[in-house]
Amino acid sequence: MRGIRLCGSGAAVPATRVSNVALSQRVETSDEWIRSRTGIGERRVAAAEENLTGLATSAGQQALQNAGWAASSVDLILLATSSPDDLFGSAPKVQAALGAKHAVAFDLTAACSGFLFALVTAAQYLRCGAMQRVLVIGADQLSSWVDWSDRRTCVLFGDGAGAVAVEATSSQNDALVGFRMASDGSRGENLTLSQHAERQELLPGISAQQGGFTTIAMNGQEVYKFAAREVPAILQQLLDDTGTSASQLDWLLLHQANQRILDAVGDRFGMAAEKVLSNLAHYGNTSAATIPLMLHEAVSDGRIKSGDLIASSGFGAGLSWGAALIRWDGPTS
Ligand code: ACO
């Protein structure tokens, strides 16, 4: 078995910012309510000429550049997203836009756990020797799928993309120290973006469904309780699995959904507030993009340094959740 090395990161967000104050012109809310309940101050929203493929491609391009890789050297592109431009998958379009002509590319859907699940999936291809280089991208454009008249959900989400270039290395230097993943579909109704099909008569006596989707529906309190319970539990299991103590962690890199969840998990592991990475104030919840977007920011501004140990956890719709213990080994500022 071989190991994996994280070689470079990248990120992209749309230029358009929508502040809490601006949103309060659209729904009955306030900057005070949103900030105090979630930590979010503003979010980015894709303009008419932008799309998921473009965001994912920009983030991927930057990760390739920071890793010093030619696009043609990539074997696999994994695009974690729940909001592709094309239901058949957006990853091949990203592959074409990057010029990664030797890469196979496909989408992976696990909502806000998507990036973490994709990173673990990439590691399996690399560890078994089937592949040498994988580009893992997390990208979502949930602005297209929220109900902008529903104040319980529309204030939470934003658009963005992040990427990490991952390559095979020796098992002694494995950057994926450990991982755990979980799903519980029986609680899935708490956070959905469901199909809405209209019946249409195809032939006499035979009808077919004309597909479409509703908007995001969430039971916020149940999702909050789920995250507050499962995230510390799975992180603790991972620390136990790997014989790691919380005091050895340099960073907590959680899915950016709510500052109160970040604070509670940070407190649970005795982490100083500045070690619990957060950029919620600027981007809100960008779903599959939050973890790589935050990682790239902290690597670029020099907070995360080569050799740092990062405990990461993703959680969200499915319900799905997971945790990974990662050692950053890419270039740092
Ligand atoms: N502005 C003002 N008032 C609001 C808003 C808003 N944006 N949203 C809800 N309210 C009101 C409600 O209508 C309710 O009013 P009422 O008592 O008169 O009925 C009151 O505020 C309290 O509503 P709650 O839903 O109980 O608010 P809560 O304190 O639970 O906060 C929140 C809501 C922020 C959504 C919280 O539940 C949360 O963060 N949950 C987790 C969500 C999450 O992490 N989701 C992402 C998962 S990731 C993925 O997979 C996509």
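Please treat every number below as a calculation from the coordinates, not as lab data. What you see is a predicted model; the values in this text were computed from it and never measured. Quick reminder, even Gly has a Cβ in these numbers, built from the backbone with ideal geometry, and neighbours come from all protein chains shown.
I need the calculated FRET efficiency for the pair Phe106 and Asp147, taking r as the beta carbon distance and R₀ as 30 Å, to the nearest 0.05.
Numbers: r = 29 Å, r/R0 = 0.98.
For R0 = 30 Å, the calculated efficiency reads 0.55.
Our coupling estimate for region 300-314, obtained by passing each phi through the Karplus curve with A = 6.51, B = -1.76, C = 1.60 and θ = phi - 60°, is 5, 8, x, 5, 7, 10, 4, x, 5, 9, 10, 9, 10, 8, x Hz, Gly and Pro reported as x.
Using the Cα gyration tensor of region 3-172, with a ≥ b ≥ c the square roots of its eigenvalues, what is the shape: rounded (a/c below 1.5), prolate (a/b larger than b/c) or oblate (neither)? Before the final figure, lay out the partial values.
On the way: a/c = 2.48, a/b = 2.09, b/c = 1.18.
Prolate, since a/c reaches 1.5 and a/b exceeds b/c.
A cut-off of 5 Å between modelled amide H atoms, ignoring neighbours fewer than 5 places along the same chain, links Leu108 with Leu79, Ala80, Thr81. Each residue of region 139-150 is assigned a 3J(HN,Hα), and the resulting list reads 8, 8, 10, 6, 4, 7, 10, 8, 8, 6, 9, 9 Hz, derived from the Karplus form 6.51 cos²θ - 1.76 cosθ + 1.60 (θ = phi - 60°), x at Gly and Pro. Distance from the C-alpha centroid of region 31-61 to that of region 173-220: 22 Å, rounded to the whole angstrom.
Given the Cα-Cα distance of Met1 and Ser186 and 0.36 nm per residue of separation, how much length would full extension add, in nm? Can you show the working numbers first?
Working: separation 185, 0.36 × 185 = 66.60 nm, distance 3.51 nm.
Computed gain between Met1 and Ser186 is 63.1 nm.
With the helix formula -39500 (n - 2.57) applied to DSSP H stretches of n ≥ 4, the chain reaches a computed 222 nm mean residue ellipticity of -9000 deg cm²/dmol.
If you take the Cα atoms of region 166-266, find Rg, then find the Kirkwood Rh from the mean of 1/r over all pairs, what is Rg/Rh?
Working: Rg = 21.0 Å, Rh = 17.7 Å.
So for region 166-266, dividing Rg by the Kirkwood Rh gives 1.18.
Computed from the C-beta positions of Gln25 and Ala96, the FRET efficiency with R₀ = 35 Å rounds to 0.35.
Between region 287-308 and region 117-155, the alpha-carbon centres lie 15 Å apart.
Computed extension length for Thr214-Gln200: 3.3 nm, one decimal, from 0.36 nm per residue of separation with the Cα-Cα distance subtracted.
Identify, among Ser72, Leu156, Ala97, the residue whose Cα sits farthest towards the positive end of the charge dipole of region 47-190, taking +1 on the Cβ of Lys and Arg and -1 on the Cβ of Asp and Glu, with the dipole about the Cα centre. The listed residue farthest towards the positive side: Ser72.
Using a Förster distance of 25 Å, how high is the FRET efficiency between Cys128 and Gln65, based on the Cβ-Cβ distance and rounded to 0.05? Please list the in-between numbers first.
Working: r = 28 Å, r/R0 = 1.11.
Here the calculated transfer efficiency is 0.35.
Within straight-line reach of Lys101, meaning a Cα separation under 23 Å, sit the following lysines at least 8 residues removed in sequence or on another chain: Lys93.
Can you tell me the order of 293-301, 310-318, 240-248 when each peptide is scored by its average per-residue count of other Cβ atoms within 10 angstrom, highest first?
Numbers: 293-301: 22.6, 310-318: 24.9, 240-248: 11.9.
Ranking, from highest mean packing down: 310-318, 293-301, 240-248.
Computed from label points 7 Å out along Cα-Cβ, the spacing between Arg37 and Ser247 is 4.0 nm.
Can you give the alpha-carbon Rg of region 21-97 over 2.2 N^0.38 Å, where N counts its residues?
Working: Rg = 17.3 Å, N = 77, 2.2 N^0.38 = 11.5 Å.
Output field value: 1.51.
The ranking of Lys275, Lys225 from fewest to most other beta carbons within 10 Å of each one's beta carbon is Lys225, Lys275.
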